Structure formats: C-alpha cells, structure tokens
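> Here it is, the structure in full.
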Amino acid sequence: MALPRIVVRGKAIILLTGFKNEAKEASKIVCAVVVDDEDKLQQAAKRNPDAVAFGYVAGEWIAAS
C-alpha cells in the first residue's frame, strides 16, 4: 500500500508517513494500517480542518496540503 487513506474526524485523509502496514493474515491481500500517535493526529486534524494529507515528522503530525 503506497499511501493509505483513513477517516479522521469524518473526513478522508492521506497519510504520507507515520504508519505501518500489518497484514491481518498472510494469505490475504487486505492490510491493516497502524498509525503512530493517533491522539496527535486527531489534534492536528482539528487544527487544520481543510488539510487532505498529513505527515509524521519529529514526533508531530504536520498538515501537508
């Protein structure tokens, strides 16, 4: 998965960094995304409601666009 899309605060956003892909089962294509520091992502999405992409840099979520 190149860039996952997740829903935060009711809006689909793209994660540029700050995530890990973890397969639920080895035989399936479906993967789960583990997000680093979800609470800070929620706060960053609240501060930047128009942003559509976020990146995790130096322990903080930054709105990229």
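Values quoted throughout were computed directly from the atomic coordinates according to the rules given, and no laboratory measurement underlies them. Please read these numbers as outputs of a predicted model, since none were measured by experiment.
> Which far-off residues, 5 or more places away or on another chain, put their amide H under 5 Å from the one on Phe19, with H placed in the peptide plane?
Excluding prolines and chain starts, which carry no amide H, the hits are Asp36.
> So what J values fall out for region 40-55 if you push phi through Karplus, 6.51 cos²θ - 1.76 cosθ + 1.60 with θ = phi - 60°, rounded to Hz, Gly and Pro as x?
5, 5, 4, 5, 5, 5, 5, 6, 10, x, 8, 5, 10, 9, 9, x
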